[in-house]
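Participant: My structure is below; once you've seen it, I'll send some questions.
Derivation of every value follows stated rules applied to the coordinates shown; laboratory data play no part. This one's a predicted model, so the numbers in the text were calculated from it and none came from an experiment. Here the Cβ positions follow ideal geometry from the backbone for every residue, glycine too, while neighbour counts run over all protein chains shown.
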Amino acid sequence: MGSRASTLLREEEIEEIKKETGFSHSQITRLYSRFTSLDKGENGTLSREDFQRIPELAINPLGDRIINAFFPEGEDQVNFRGFMRTLAHFRPIEDNEKNKNATTSEPLNSRTNKLLFAFRLYDLDRDDKISRDELLQVLRMMVGVNISDEQLGSIADRTIQEADTNGDNSISFNEFIKVLEKVDVEQKMSIRFLH
Amino acid sequence: MTWFTFLVDNLLCRCLGISITVWFTLLFFCTIVPAVLGVSFGMRRLYMATLLKIFEWATLRMEMGAKEKNQELYKPYSSDIIAKEPSSSLLQEFQELRGSASCLSSEPEFELADIFYFCRRGMETIVDDDVTKRFSAQELQNWNLLTRSNNNFRHISLRLTVLWGLGVLIRYGVLLPLRVTLAVTGISLLLVLTFLVAFLPNRELRSYLSEKVHLMCYRICVRALTAIITYHNRENKPQNGGICVANHTTPIDVIILANDGCYSLVGQVHGGLMGMIQRAMVRSSPHIWFERSEVKDRHLVAKRLGDHVADKTKQPILIFPEGTCINNTSVMMFKKGSFEIGCTVYPVAIKYDPRFGDAFWNSSKFGMVNYLLRMMSSWAIVCSVWYLPPMNREEGEDAVQFANRVKAAIAAQGGLVDLIWDGGLKRAKVKDAFKEEQQKLYSKVLVGEMDQNQSDDKHSQDDNPEDANNRN
């Protein structure tokens, strides 16, 4: 009845998403239902306002940065493919990747890609470097008004000092990986999707 | 040839006349008379049992159809999308990360990995959150032959389509006109009779008769919706001088409760048909209607409610503290206004069975008329009403704690999830105070205990304005 036709997800699309992201058939249908329930405008895409309508996300200090991660550079709408591509980063890493396809590109949920996702949360201007300014801004988002500028500044300086190895006063992706090599990224950046 | 057509015409007219007479006689004896007398023939329960068998059969067919095509049937209840960690607080999670010594250190400890916590939590809420799913209709396990609740329509076979078509015919061709007739009868009877009763001089006779009139008309309205209601624990029914609170799913809640007892309703004055009904009702029994301007004035509202409650001859007030319609899977924050008055509170839990027709009013999607049409063209509205034992505010308990206690009792009885979120989030944005709480907690992790100007346990509810109860 009415706009039901738009809620049909075609089989070919499901197969393509399966190959690209590694989600199972039922997970994709389930997530599609979630996507449509968030899509209040019923036009097949989500805008930033659609995400901000989730109260638990709105109270997350880094909510805006996370929402931003869904939208490619300069765009204001994300379709279901883009939505799934971003969510795929949070699939747990399995030992036997059933979906190893012919292309040797890394799966979206590899350790490196998870770290890249986190790196981009810090990297506000997307120039592949975390500058002192960017780190300060993200820290300010996380602590609100509860820590003074000086304290925050010294935290930022210390962090960059510890991570920076080539002396350019900012953290590149490789330096980022090095700092976090002992952290269990696989567990911390994974969501347990049920079948 | 003309005599032939004349004969046919005559025959047709006679048939039509007879069927209409039969129709109305049936209507009169099977529904209106029992409604007036308060008797039930048990036909509705038989109807309910038959429907359930048909629905199970329909779902079985769909499963078979899905198996043939080698696909899975979309079963929303079988599992959640994700397995959420049992909610540990922010402090606990970071403590695990850092080890126990960090809380006492004076040197602020920040790690680049801290972002993982917020990132993962944020993603989890994007995939599955507790609040937004309360504002749209519940999903069903079996299909109930209504296209509105079907997500598996790819698997429908021919037999099923025929059955569905038959269902549409019955619902829109038979049930809907029947119900509309009943509803119109009920409302006009209400208007006429309350008008007449208002002229009686004797106050006691007037209140007695008005009670009878109200009950009768509500019974007709209940039949107009084919509502099959089961009342539990009627010994706890609300008494005069108290306030009855219930969880809110739809405006029909009022009819469901008023079917079993007389309440004073609280609400805004409307125009049009609603306004006429409101004026008619107030002539014979003491309802509380507020002008739009008066609604914002909390003191005025509290005073009028308090006055009504103090008068022991007046009926109990019916209030829905959530302030808006929620989809009957959870109970959201109760606004504290009704709990400040200081009288006995009679909690009532209402739980609808969604298999026969979803009663939830999604006011952002459907207007009132559209909603009523959908209600009257569903199979039936089946619900259970539990009267809970009366509660009073205890020593040292403030209104908010009392409200939460009542809410927990209602949620436990109705099998609903007890949430602290405000139902107003359906339309409004969440308050910044919550985000600031999160930020404060994280700052504590970074720099340890600091001087706090405000207490951590500040009730965030104090900030919520007392919005009009009727803003659905």
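Participant: Points 7 angstrom from Cα along the Cβ direction at B:LEU27 and B:ARG292: gap in nanometres?
Facilitator: Here the modelled spin labels are 3.6 nm apart.
Participant: Follow-up question, since we're still on this one. Hey, for a label at A:GLN52 modelled as a point 7 Å past Cα toward Cβ, could you say which residues of segment A:120-160 have their backbone N under 18 Å away?
Facilitator: Within reach of a label on A:GLN52, which here means backbone N under 18 Å from a point 7 Å along Cα→Cβ, segment A:120-160 contributes A:141-142.
Participant: First measure r as the distance between the Cβ atoms of A:ASP76 and A:GLU11, then evaluate 1/(1 + (r/R0)^6) with R0 = 30 Å and state the FRET efficiency to the nearest 0.05. Each step should come with its number before you reach the end.
Facilitator: Numbers: r = 29 Å, r/R0 = 0.98.
FRET efficiency, A:ASP76 to A:GLU11: 0.55.
Participant: Report relative contact order for chain A in percent, whole number only (criteria: Cα-Cα under 8 Å, sequence separation at least 6). Don't skip to the answer; put the middle values down first.
Facilitator: On the way: 174 pairs, mean separation 40.5, N = 195.
Here the relative contact order equals 21 percent.
Participant: Still on this structure, please answer the following. Sort B:PHE116, B:PHE195 so that the residue with the fewest other Cβ atoms within 10 Å of its own Cβ comes first and the one with the most comes last. The partial results should precede the final answer.
Facilitator: On the way: B:PHE116 24, B:PHE195 13.
In increasing order of surrounding Cβ atoms, one gets B:PHE195, B:PHE116.
Participant: For segment A:12-89, what is Rg from Cα atoms divided by 2.2 N^0.38 Å, rounded to two decimals? Could you put the intermediate results ahead of the total?
Facilitator: Details: Rg = 12.6 Å, N = 78, 2.2 N^0.38 = 11.5 Å.
Taking N as the residue count of segment A:12-89, the ratio is 1.09.
Participant: Once amide H atoms are placed 1.01 Å from N in the peptide plane, what residues at a sequence separation of 5 or more from B:ILE82, or on another chain, have their amide H within under 5 Å of its amide H?
Facilitator: Counting only residues 5 or more places away or on other chains, the set is A:LEU194.
Participant: Another question, then. Using the Karplus equation 6.51 cos²θ - 1.76 cosθ + 1.60 (θ = phi - 60°), what ³J(HN,Hα) coupling, rounded to whole Hz, does each residue of segment A:188-193 give in order, writing x for Gly and Pro?
Facilitator: 6, 10, 10, 10, 7, 7
Participant: In addition: Where the centroid of each part is defined by its Cα atoms, how far is segment A:116-138 from segment B:240-290 in Å?
Facilitator: Centre-to-centre distance over Cα atoms comes out at 57 Å.
Participant: Hey, what did segment A:12-89 get for relative contact order, percent, Cα under 8 Å, at least 6 apart? Present the calculation step by step, with values, prior to reporting the outcome.
Facilitator: On the way: 57 pairs, mean separation 24.5, N = 78.
Reported as a whole number, the value is 31 percent.
Participant: Between B:ALA310 and B:LEU60, what is the label-point separation in nm under the 7 Å Cα-to-beta-carbon projection?
Facilitator: 6.4 nm
Participant: Along each of the three principal axes of the Cα atoms of chain A, give the extent in whole Å, ordering the values from largest to smallest.
Facilitator: For chain A, the Cα extents along the three principal axes come out at 60, 38, 28 Å.
Participant: Taking 29 Å as the cut-off for C-alpha to C-alpha distance, list the pairs among A:LYS18/B:LYS351; B:LYS237/B:LYS296; B:LYS53/B:LYS351; A:LYS40/B:LYS84; B:LYS67/B:LYS365 that go past it.
Facilitator: Working: A:LYS18/B:LYS351 39 Å; B:LYS237/B:LYS296 31 Å; B:LYS53/B:LYS351 22 Å; A:LYS40/B:LYS84 25 Å; B:LYS67/B:LYS365 34 Å.
Pairs exceeding the cut-off: A:LYS18/B:LYS351; B:LYS237/B:LYS296; B:LYS67/B:LYS365.
Participant: Turning to a different aspect of this structure: Among the lysines in segment A:77-195, how many pairs, 8 or more places apart or on different chains, have alpha carbons under 17 Å apart? Walk me through the numbers before you get to the answer.
Facilitator: Numbers: A:LYS114/A:LYS129; A:LYS114/A:LYS178; A:LYS114/A:LYS182; A:LYS114/A:LYS188; A:LYS129/A:LYS178; A:LYS178/A:LYS188.
Going through segment A:77-195 pair by pair, I get 6.
Participant: Right, another one. For segment B:364-375, what does the Karplus curve 6.51 cos²θ - 1.76 cosθ + 1.60, with θ = phi - 60°, yield as ³J(HN,Hα) per residue in whole Hz, taken in order and with x for Gly and Pro?
Facilitator: The phi angles translate into 7, 9, 10, x, 5, 5, 4, 5, 4, 4, 5, 4 Hz.
Participant: Take B:ILE170, project a point 7 Å from its Cα along the Cβ direction, then tell me which residues of segment B:25-49 have their backbone nitrogen under 11 Å from it.
Facilitator: Under cut-off, by backbone N: B:47-49.
Participant: Restricting to DSSP loop positions (anything but H, G, I, E, B) with no more than 12 other Cβ atoms inside 10 Å of their own Cβ, which GluC sites (Glu not before Pro) remain in segment B:207-295?
Facilitator: Details: sites: B:GLU211, B:GLU235, B:GLU291, B:GLU294; in loops: B:GLU291.
Loop-located and lightly packed - B:GLU291.
Participant: Continuing with the same structure: Can you put B:THR329, B:THR2 in order of Cβ neighbours within 10 angstrom, beginning with the fewest? Could you put the intermediate results ahead of the total?
Facilitator: Numbers: B:THR329 19, B:THR2 6.
Listing B:THR329, B:THR2 from fewest to most nearby Cβ atoms yields B:THR2, B:THR329.
Participant: Report, by chain and number, residues whose modeled amide H sits under 5 Å from the one on B:ARG427, excluding near sequence neighbours (fewer than 5 apart, same chain).
Facilitator: none
Participant: Give the residue list of GluC sites (Glu not before Pro) in segment A:115-195 that are DSSP loop and have at most 13 other beta-carbon atoms within 10 angstrom. Let's see the in-between values first.
Facilitator: Numbers: sites: A:GLU134, A:GLU150, A:GLU162, A:GLU175, A:GLU181, A:GLU186; in loops: A:GLU181.
When the GluC sites (Glu not before Pro) of segment A:115-195 are filtered for loop state and at most 13 Cβ neighbours within 10 Å, A:GLU181 remain.
Participant: If each residue's Cβ is checked for other Cβ atoms within 10 Å, how do B:LEU200, A:LEU87 rank with the fewest at the top?
Facilitator: Working: B:LEU200 15, A:LEU87 23.
Going from sparsest to densest Cβ surroundings: B:LEU200, A:LEU87.
Participant: Decide, for segment B:158-426, between rounded, prolate and oblate: order the square roots of the alpha carbon gyration tensor eigenvalues as a ≥ b ≥ c, take rounded if a/c falls under 1.5, and otherwise choose prolate if a/b is larger than b/c, else oblate.
Facilitator: On the way: a/c = 1.83, a/b = 1.22, b/c = 1.50.
Note, shape of segment B:158-426 comes out oblate.
Participant: What are the trypsin sites (Lys or Arg not before Pro) within segment B:264-318 that DSSP puts in a loop, where the Cβ has at most 12 other Cβ atoms within 10 Å? Before the final figure, lay out each step's value.
Facilitator: Working: sites: B:ARG279, B:ARG283, B:ARG292, B:LYS296, B:ARG298, B:LYS303, B:ARG304, B:LYS312, B:LYS314; in loops: B:ARG292, B:LYS312, B:LYS314.
Within segment B:264-318, the qualifying trypsin sites (Lys or Arg not before Pro) (loop, at most 12 other Cβ atoms within 10 Å) are B:ARG292, B:LYS312.
Participant: So if we plug the beta-carbon distance of B:VAL184 and B:ASP418 into 1/(1 + (r/R0)^6) with R0 = 51 Å, what FRET efficiency do we get, rounded to 0.05?
Facilitator: 0.80
Participant: Here's another thing I want to ask about it. What stretch of chain A, leaving out the sites themselves, is the longest with no trypsin sites (Lys or Arg not before Pro) in a DSSP loop having at most 13 other Cβ atoms within 10 Å?
Facilitator: A:11-97
Participant: Here's another thing I want to ask about it. Using 7 Å Cα-to-Cβ label points, what is the B:MET276/A:GLU181 separation (nm, one decimal)?
Facilitator: About 8.2 nm separates the two model spin labels.
Participant: Sticking with this one: Under a 5 Å amide H to amide H cut-off, with H placed in plane at 1.01 Å, what residues pair with B:SER264 once short-range neighbours are removed?
Facilitator: The answer is B:ILE317, B:LEU318.
Participant: Taking a ≥ b ≥ c as the square roots of the eigenvalues of the Cα gyration tensor of the protein assembly as shown, is the shape rounded (a/c under 1.5), prolate (a/b larger than b/c) or oblate? Can you show the working numbers first?
Facilitator: Numbers: a/c = 2.92, a/b = 1.53, b/c = 1.91.
Judged from the Cα gyration tensor, the protein assembly as shown comes out oblate (a/c at least 1.5, b/c at or above a/b).
Participant: Scale the Cα Rg of segment A:107-194 by the rule-of-thumb value 2.2 N^0.38 Å and send over the ratio, two decimals. Intermediate results must be reported in sequence, preceding the final value.
Facilitator: Values: Rg = 14.0 Å, N = 88, 2.2 N^0.38 = 12.1 Å.
Cα Rg divided by the expected 2.2 N^0.38 Å: 1.16.
Participant: Could you tell me what percent of the DSSP beta bridges with both partners in the protein assembly as shown are antiparallel, to the nearest 5? Working shown, then result.
Facilitator: Details: 13 of 33 bridges.
Around 40 percent antiparallel, to the nearest 5.
Participant: Then there's this: Would you please give the FRET efficiency between B:ASN370 and A:ASN174, computed as 1/(1 + (r/R0)^6) with r the Cβ-Cβ distance and R0 = 51 Å, to the nearest 0.05?
Facilitator: Values: r = 59 Å, r/R0 = 1.15.
Plugging the Cβ-Cβ distance into 1/(1 + (r/R0)^6) gives 0.30.
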